[in-house]
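Read the figures in this text as sums done on the coordinates, not as results from a lab. As the structure is a computational prediction, the values presented were derived from the model and not from experiment. Backbone-built Cβ (ideal geometry, glycine too); neighbour counts: all protein chains shown.
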Amino acid sequence: MSKAKRIQAAEAASDGSYCEKCQRPFVNARALQMHYENSSVHVPAKSNSISNLTLAIREKTTTGTKSETETTTPRSSEKIQDISEDHTLEPSEPTVYGNWSCIPLAERDSIFAALRAQCHSVGVLKLEGYFTECATPAEIEATRKCVDCGMSKRKVSKYFSSACRFHPDREDLKKGIIRGRGTGAKENCVKCGERGSKNGCCSSREHTFGPADAKVADTKPCPWSCENPNPNVRKAIALDCEMVGVEGPNKHEVSDVVRLNAVDFLTGEILVDIFVQPEDNVIAWRTRYSGVSYPLLRKMVKEGRSVRGWQAARQLLWDHMDQQTILIGHNLKCDLDVLGMAHARIVDSVLLSRHAVGRSCRRSFALRNLAHDFLGRTIQAGDSGHDCLEDTFATREVVLWCLRNPEELNAWANAQGGGYDADKWGDNYPVWEVNEWVPNGVAEWL
């Protein structure tokens, strides 16, 4: 090495911009950093270049002594700080799909603690019809429905009269399908001409119950193992399903999942965005609500954006959760039912808003109304049906708003005819036993 180069190398080393491995001086630390990242000599260690720089900073600033790391990294703390700022070595705030809220890193622990405090009790969940564990034989038997009126055995045996009454429907009878109790609320009976589905013109002394829904028997909680924990588990997940009507037991129309979206509640990361091919015959696409039609589903199948059957969709969700994960949704019971899932850690925006109004409130506030009242946003607009991903983020945003704004939630609840003490909301959330307020023993069959 010539004398001029030795002098240049010495000056570069004093400024922390000399590569010992390549024996090359650089103008400044930034040029040295680019050399580490792009030189073929250092490519195998490219992924560790930033961490090595950070390690050099910590060792030099804390101990003030030389180390082996300092021999291969710049030694000027001021210049290294400039590099760390330019390359954003510290974790950055993630971006969230659309223009939905991002929860800052510093706020996530407090938000999760508030969310965990609002998990509904097992008693409330059972009252609302949730499965919190595997269905028992008695619960499976109670789901059997009458082939004529469509009423479940649970309701008939515990609350309603044993007489079976229903309206026939010409088109449904031609297809061999009975939907609910016959005509529906907006259709006239083809026999008596009356409008509505109650107090049918046809009757029989007893109900004829068909087989139970096979999906109920397969309803179970997410598998969990202490020996093999899932490294991809999230603390809280917001989810939504879109559904179509398929031919179920007794040729009754039952719901099945056709699209599933799941989002990490804290980070806003999209975990699952998949279409589902129903295994049973689809008799009602419900495109006005589901946003899914046969041509669209066929297109998703060709593009590889679908799975076959609700079990496969359920497994995709299970890949990101365990039994301790908090699930957030709007009327989440329907979503878990079509996925055959039992879960005990639930925050349902329907129950959250209903309980805020008061214990006696049984109204279910629509998601689009909550988004309008709480967020000032319009969702579910247009004639093309619901956007499943939009509904998922809207539910996340509604629950997040409730956690952050208890006083505003109290004011909204008072405007609906009820309310609660906002100061006590976090610790004394309204929770009641099953038989506390339900009249006439209705809770026995709920």
query: What is the extension gain from Asn331 to Arg305, computed as 0.36 nm multiplied by their sequence separation minus the C-alpha to C-alpha distance, in nm to one decimal?
result: 6.8 nm
query: Magnitude of the Cβ-charge dipole of region 206-276, K/R +1 and D/E -1, about the Cα centre, nearest 20 debye?
result: 200
- prompt: Based on the Cβ-Cβ distance of Asp280 and Arg363, what FRET efficiency does E = 1/(1 + (r/R0)^6) give at R0 = 25 Å, to the nearest 0.05?
  reply: 0.15
query: Between their Cα atoms, which of Lys155/Lys251; Lys235/Lys302; Lys215/Lys235; Lys126/Lys155 are more than 25 Å away from each other?
result: Lys235/Lys302; Lys215/Lys235
Between region 219-247 and region 112-145, the Cα center-to-center distance that results, in Å: 15
query: If R0 is 41 Å, what FRET efficiency do you get for Lys251 and Arg377 from their C-beta distance, rounded to 0.05?
result: 0.50
statement: For Met341, the residues 5 or more places away or on another chain with a placed amide H closer than 5 Å to its own amide H are Lys220
